[in-house]
Amino acid sequence: MKKADMLSRVIRDVPDFPKKGIIFKDITTLLQDAASFKTAIDVLYQHYKKEKIDSVVCVEARGFILGAALAYKLNAGLVLVRKKGKLPYKIYSITYALEYGTDTLQIHKDAVKKNSRVLIVDDVLATGGTIAAVSRLLKKCKANICGVAFLIELTFLNGRKKLKGYPVTSIIKY
Ligand code: AMP
């Protein structure tokens, strides 16, 4: 069986969470299975091992889990993008539109060096709004975005459109 199919089997679909009509892709069932967690990180590692990535950039909270393991394997630094008010030092901020209202993401100004090679990692590509905002933060840092990686892509939401110009990879597509 293909690795993507094996991983897909251990992701739990939770209907109507967090609200009616959404099928939530619950990756806790993948993470708690040692072989599946290892496979997920290894597949991503194989994809980027030759890219000379300086930093893996991820968003709280589930992005941190995949990002940390992948950064360790790639021998790269780990950069945290956080919700408003969590980072203690000098920051860049981006406010972006959600279905209802807005959200703000922040990064430390000195988190990545100018022209450094960064890889963005997250668990799910849905509408792409979150990672498009992360890419704008990284532009402010003048980083070189070498890739955007997701464990899961919800292709019917066309999130890739919002990430045009960046090489996007996803392991499992729905
Ligand atoms: P988006 O900005 O729409 O691409 O969504 C970004 C974040 O929302 C992802 O990092 C996921 O953690 C979460 N998310 C969106 N849709 C789902 C879903 N169906 N199942 C699980 N997580 C989701």
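Got a sec? Which of T127, T104 is open to solvent by 30 Å² or more (accessible area, probe 1.4 Å), out of contact with any His (no Cβ under 7 Å at 6 or more places or on another chain) and within 16 Å of the ligand (Cβ to nearest atom)?
Among T127, T104, only T127 is open to solvent by 30 Å² or more (accessible area, probe 1.4 Å), out of contact with any His (no Cβ under 7 Å at 6 or more places or on another chain) and within 16 Å of the ligand (Cβ to nearest atom).
Can you name the residue in the range 136-163 that is crowded, with 21+ Cβ neighbours inside 10 Å and part of a helix (DSSP H, G or I) and, of all such residues, is nearest to the ligand (Cβ to nearest atom)?
Going through the qualifying residues, I end up with G159.
Select, from G21, G77, the only residue that is open to solvent by 50 Å² or more (accessible area, probe 1.4 Å) and either over 20 Å from K3 (Cβ atoms) or within 16 Å of the ligand (Cβ to nearest atom) (or both).
Answer to the selection: G21.
Return the residue satisfying two criteria in turn: it lies in the range 49-63 and is more than 18 Å from N115 (Cβ to Cβ) and more than 15 Å from the ligand (Cβ to nearest atom), and of such residues it is surrounded by the most Cβ atoms within 10 Å (Cβ to Cβ).
Top of the filtered list is K49.
Just to be sure before I move on: is I120 part of a helix (DSSP H, G or I) and closer than 29 Å to I23 by Cβ in the structure I sent?
When the stated conditions are applied, I120 does not pass them.
Only one residue in Y100, Y96 is within 18 Å of the chain's Cα centre (by Cα) and over 26 Å from E51 (Cα atoms). Which one?
Within the list Y100, Y96, the selection yields Y96.
The values are calculated or read from the model by the stated rules, or taken from the named source; none is laboratory data. Just so it is clear, the structure is predicted and the values come from calculations on it, not from any experiment. Don't worry about glycine lacking a Cβ; one is built from the backbone with ideal geometry, like all the others, and counts go over all protein chains shown. To get the accessible areas, we keep the full protein, side chains included, count just its heavy atoms, and leave off ligands, DNA and RNA. Shrake-Rupley method; radii C 1.70, N 1.55, O 1.52, S 1.80 Å.
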